[in-house]
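A short write-up of the structure that comes next.
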Amino acid sequence: MNDQRPDPDALLAKVEREEARARRGRLKIFFGAAAGVGKTYAMLLAARERRAENINIVVGLVETHGRGETAALLEGLEVLPPRRVEYRGTVLHEFDLDGALKRKPAIILVDEFAHSNAPGSRHPKRWQDIEELLEAGIDVYTALNVQHLESLNDDVGQISGIRVRETVPDTVFEQADEIELVDLPPDELLLRLKEGKVYLPRQAQDAVRHFFRKGNLIALRELALRQTASRVDAQMLDYREDNAIREVWPVSERILVCVGPNALAERLVRAGKRFATGLRADWIVVYVETPELERLPAARRDGVLRILRLAEQLGAETVTLSAPEMSEALIEFAKERNVTKIVMGKPSRRGWRRWLMGSIVDTLISHAHNINIYLLGSPQGENRTVDRIAPASARNSSAGFGHRAPVRKKGYYRGYLWAVVTTLASAALAHLMFGRFELANLVMVFLLGVVFIATRYGRGPSILASVLGVAILDFFFVTPYFSFSVSGTQYLLTLIAMLIVAILISHLMANVRSQAKVAAHRERRATVLYAMSKDLAASQSEDEIVRTAVRHLYTEFGSHNVVLLTDEHNRVVYPKDRPMAQSLRGADLSLAQWVLDHNEIAGQGTNTLPGAESVYFPLSNDDKVLGVLALLPVNLRRIFLPEQRLLLDTFLRQIAQAILRVRLAEQARSAQMQIEAERLRNSLLSSISHDLRTPLASIVGSASTLAEDDGRLKPEDKIELSSAIYDEARRMSSLVNNILDMARLDAGVIELNRQWHPLEEIVGTVLTRLQQPLQGRPVKVKLPSGIPMIYADAVLIEQVLTNLLENAIRYTPEGSPLDISSEITPYAVEVAVADRGPGIPKGMEKRLFEKFYRSQREGAQSGVGLGLAICRAIVEVHGGTIEARNRSTGGAVFSFVLPQDKTPPVVEEE
């Protein structure tokens, strides 16, 4: 059965794309083969058509180049004033990005998509200005020539002989919502050039002799047509995909581009980009760092870094692998990532060197089954070192990446010195063994020295030890002695075998040493990630997270940094805590705010304000930016190398997740507090509504009877009604006082007046106050002998005893006895109130002290449920504890313990 249901993942991706398009402005590019074909003219015509439809459209910047018919189309259109920039004594007119964002039209025209902005502008390139307009939801019309596409830079340079410096990344071009090709045959373009409709006459003559040759125009036109055709094909495929009119392919194309420290790397990246674009395939640029490549000068390794950054700008995924054998690493990686095509350079080894030492290409062809391999050749005579062919933008910024001449490491010659010393020591030991052991045993002594040197100092010193050991063995221990000549063939074979074995041991041990370093480096990185994740998990506040992040980032990258979070107005601010020694001071908060608003990296080494001192990274999680990391790099290589950038991105994700976790926990606590407050409010309203309404009704009824008396009420009836009013008023007063006391205790505004008081006096005062409610109930008081003293606030402790006794009266049968007892130790005093009632339901011993909790036991009298809560609050203010439990003989016991911090005074009995 053929299942025609759409793929859920595809539907989800479609919805996400449509949501992204809805938030973002639309980009329309008027695309042409060369200047003068009419791109700006066509753009202005389209603008006038939209203006006629009453659409809010303005001209941000249009270059007419003195063409009258183009300038005439500007009439009737609103034109924003340009931004004037003084540069080297000249006033430049640049596009005013801030003015356009403030004006915020529906559509804006910004000419020359690939233009480089004046120094000091927010973005180095105009296409970056347009990206910011699109993110603000503004539609943009712009113009672009085919020679300004980054992936076609090599082809255009080879065709025209002129290297175009202003380029636009292909990923930006591919994100355009509409491409309109403005085409003109070469003969007509040359005629317009001669008529002065493109350049001034003198400039036109120079252009015809150089760039505007007919052959060049034909080739550029073909490139423009092919690029437009690819876009049309992509639109067709998108339409088929959106409407489920597509074939089911078992696998998708994935291209792997292999680069190294040579001149072919940049061409490989651009060729891989074109290849991937043509196939609509994912592509990966990989660099395998073998032990041999690790010893390259820093300048050439920086060249590889620039190539990888170029690949990222063109939309590739970049990966750096560490392995002893490049071919094995490539094959393994290709299998893991399901690569279908490999693009690499032709082998540089020829003849016997290729036959003897092998070739990576040959190994891949032999072992990479079901993978197509494409080879790219290099132009004849091109230099093989990558550091001499770096693009202009990379060369201009090479200083930021620590570009420097090769410098010998400190102690570089120590290994060679030890190689000589170890070989001489081996010779001395062999001299002691000479005559007693066979020659093969002496060979083992020298090989042992080679193994020692290879393990400690690497390949170079070990090879020196190998050659020197063979020479000493031949000179001193092989006949004829003290001569390098060899008397027998067997000795010659022994020496050759010894040299080969020694070199092989050197090579193997050096590789082992290199791999051990790589393993140690990876282990340290894993340890760093684990330590940071552990510390972040233990952080309970944003301030703790900031301190943890700053410390770990400084330890790993050696750079001062600061984590900038936002205030209640979503503005970036410095942490409130005292700055740490590793903290960065003087971060650009305006640039950090831009990073927060746009969720893009900016600062040194980036495309946005590269002249800044620091690099600014957004701390984002699920497209929500939580803060900004400002980092002052000691060396940009420690940040932008692919593996280092991957580590930094992992750090940033962990920091963002920790901040989000703390904020969600804080929101959960706030929500819980709001729920608790709402519950208490509802309980309070429920309790008060009943306990106030009942006495109020009694008061109103009694008062109205007295007020309406026409002389028929007897005196004893009036006394009874007055007593009822008085009793209910006292009840209401007690209720209100309980509520106010609870509020004061919760607010912590009560100040204790702790003094030494006789416990007997406090109990007597309470019993006297409750004389009427206690009528008919026997009360047994059992206090310690003598005059027991307690150190407390007598008024509050009397309130505790009063509430406990009233609670017992309310929930026990009338006439049942009550017991008051006390025990005193040198450190605490315990007071208990016991009854003979029904006791406490199991499991409710602690809930009794919650606010507004009232027992639902039958026969219980009404109450607001604050009496026991007030008792607990007063006892806890004194530093004591209170509890409730059932008696073994029936009934309940409520007891509280107060600490006695001072020695009681001695009071004599009267």
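The values are calculated or read from the model by the stated rules, or taken from the named source; none is laboratory data. Every value quoted in this text rests on a predicted model; they were computed, and no experiment measured them. Neighbour counts are summed over all protein chains in view; Cβ atoms, including those assigned to glycine, are modelled from backbone coordinates with ideal geometry. Accessible surface is based on the protein model in full, side chains and every heavy atom, while ligands, DNA and RNA are left aside. Shrake-Rupley method; radii C 1.70, N 1.55, O 1.52, S 1.80 Å.
So here's what we get for this one:
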{"item": "Every pair of residues 6+ apart whose Cβ atoms lie under 7 Å, when the first sits in segment 247-265 and is under 16 Å from LEU314 (Cβ atoms) while the second is crowded, with 19+ Cβ neighbours inside 10 Å and modelled with pLDDT under 65", "result": "ALA265/VAL386"}
{"item": "Close pairs from segment 832-849: first in a loop (DSSP other than H, G, I, E, B), partner among the basic types (Lys, Arg) and open to solvent by 60 Å² or more (accessible area, probe 1.4 Å), Cβ under 7 Å, at least 6 apart", "result": "PRO838/ARG857; GLU845/ARG885"}
{"item": "Hits in segment 523-549 (condition: free of Cβ contacts under 8 Å to residues at least 60 places away in the same chain and surrounded by fewer than 13 Cβ atoms within 10 Å (Cβ to Cβ))", "result": "GLU523, ARG524, ALA526, THR527, TYR530, LYS534, ALA538"}
{"item": "Only listed residue being in a helix (DSSP H, G or I) and within 30 Å of ALA658 (Cα to Cα), chosen from ALA520, ALA502", "result": "ALA520"}
{"item": "Residues of segment 302-338 that turn out to be outside any helix (DSSP H, G or I) and open to solvent by less than 10 Å² (accessible area, probe 1.4 Å), as a count", "result": "1"}
{"item": "Residue match in segment 582-598 (condition: of a type outside the set (Asp, Glu), over 18 Å from the mean Cα position of the chain (by Cα) and over 29 Å from PRO124 (Cβ atoms))", "result": "yes"}
{"item": "From GLY415, GLY402, residue being open to solvent by less than 90 Å² (accessible area, probe 1.4 Å), over 24 Å from VAL164 (Cβ atoms) and modelled with pLDDT under 80", "result": "GLY402"}
{"item": "Failed item in (1) at pLDDT 90 or above; (2) closer than 25 Å to ASN607 by Cα, with PRO105 passing the rest", "result": "(2)"}
{"item": "Residue, modelled with the lowest pLDDT, within segment 829-848, restricted to residues that are buried (at least 18 other Cβ atoms within 10 Å of the Cβ) and among the hydrophobic types (A, V, I, L, M, F, W, C)", "result": "LEU848"}
{"item": "Conditions (1) in a helix (DSSP H, G or I); (2) in contact with a strand residue (DSSP E or B) (Cβ under 9 Å, 6 or more places away or on another chain); (3) touching a residue at least 24 places away in the same chain (Cβ under 8 Å): number failed by VAL85", "result": "(1)"}
{"item": "Members of segment 554-588 found to be closer than 12 Å to ALA630 by Cα, assigned to a loop (DSSP other than H, G, I, E, B) and at pLDDT 85 or above, listed by number", "result": "SER559, TYR574, ALA587, ASP588"}
{"item": "The one condition in (1) without any contact (Cβ under 8 Å) to a residue 60 or more places away in the chain; (2) farther than 28 Å from ASN635 by Cα; (3) open to solvent by less than 40 Å² (accessible area, probe 1.4 Å); (4) in a helix (DSSP H, G or I) that ALA510 fails to fulfil", "result": "(1)"}
{"item": "Residues within segment 567-584 that are within 18 Å of TYR554 (Cβ to Cβ), touching a residue at least 12 places away in the same chain (Cβ under 8 Å) and either loosely packed, with under 13 Cβ neighbours inside 10 Å or not hydroxyl-bearing (Ser, Thr, Tyr) (or both), tallied", "result": "6"}
{"item": "Scope segment 427-460; condition more than 20 Å from TYR413 (Cα to Cα) and open to solvent by less than 30 Å² (accessible area, probe 1.4 Å); matching residues", "result": "ALA427, ALA430, LEU442, VAL443, VAL445, PHE446, LEU447"}
{"item": "Residue that is aromatic (Phe, Trp, Tyr), touching a helix residue (DSSP H, G or I) at 6+ places or on another chain (Cβ under 6 Å) and without any contact (Cβ under 8 Å) to a residue 40 or more places away in the chain, where the choices are PHE484, PHE446, PHE475", "result": "PHE484"}
{"item": "Positions within segment 777-828 being among the hydrophobic types (A, V, I, L, M, F, W, C), within 60 Å of the chain's Cα centre (by Cα), within 13 Å of GLY867 (Cα to Cα) and surrounded by fewer than 20 Cβ atoms within 10 Å (Cβ to Cβ), in sequence order", "result": "none"}
{"item": "Of all residues in segment 18-40 being open to solvent by 90 Å² or more (accessible area, probe 1.4 Å) and either in contact with a helix residue (DSSP H, G or I) (Cβ under 9 Å, 6 or more places away or on another chain) or modelled with pLDDT of 80 or more (or both), the one that is farthest from GLU63 (Cα to Cα)", "result": "ARG23"}
{"item": "Residue, nearest to ARG274 (Cα to Cα), within segment 119-165, restricted to residues that are more than 32 Å from the chain's Cα centre (by Cα) and hydrophobic (A, V, I, L, M, F, W, C)", "result": "LEU152"}
{"item": "All positions within segment 461-487 that are aromatic (Phe, Trp, Tyr) and under 25 Å from GLY415 (Cβ atoms)", "result": "PHE475, PHE476"}
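Residues checked against (1) at pLDDT 70 or above; (2) surrounded by 13 or more Cβ atoms within 10 Å (Cβ to Cβ); (3) over 60 Å from the mean Cα position of the chain (by Cα); (4) in a helix (DSSP H, G or I):
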{"residue": "ARG712", "(1), (2), (3), (4)": "yes, no, yes, no"}
{"residue": "LEU721", "(1), (2), (3), (4)": "yes, yes, yes, yes"}
{"residue": "ASP727", "(1), (2), (3), (4)": "yes, yes, yes, yes"}
{"residue": "ASN738", "(1), (2), (3), (4)": "no, yes, no, yes"}
{"residue": "LEU745", "(1), (2), (3), (4)": "no, yes, no, yes"}
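Yes or no, residue by residue, for (1) over 20 Å from ASP129 (Cβ atoms); (2) open to solvent by less than 80 Å² (accessible area, probe 1.4 Å):
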| site | (1), (2) |
| --- | --- |
| VAL62 | no, yes |
| ARG67 | yes, yes |
| ALA72 | yes, yes |
| PRO82 | no, yes |
| VAL91 | no, yes |
| LEU101 | no, yes |
| LYS104 | no, no |
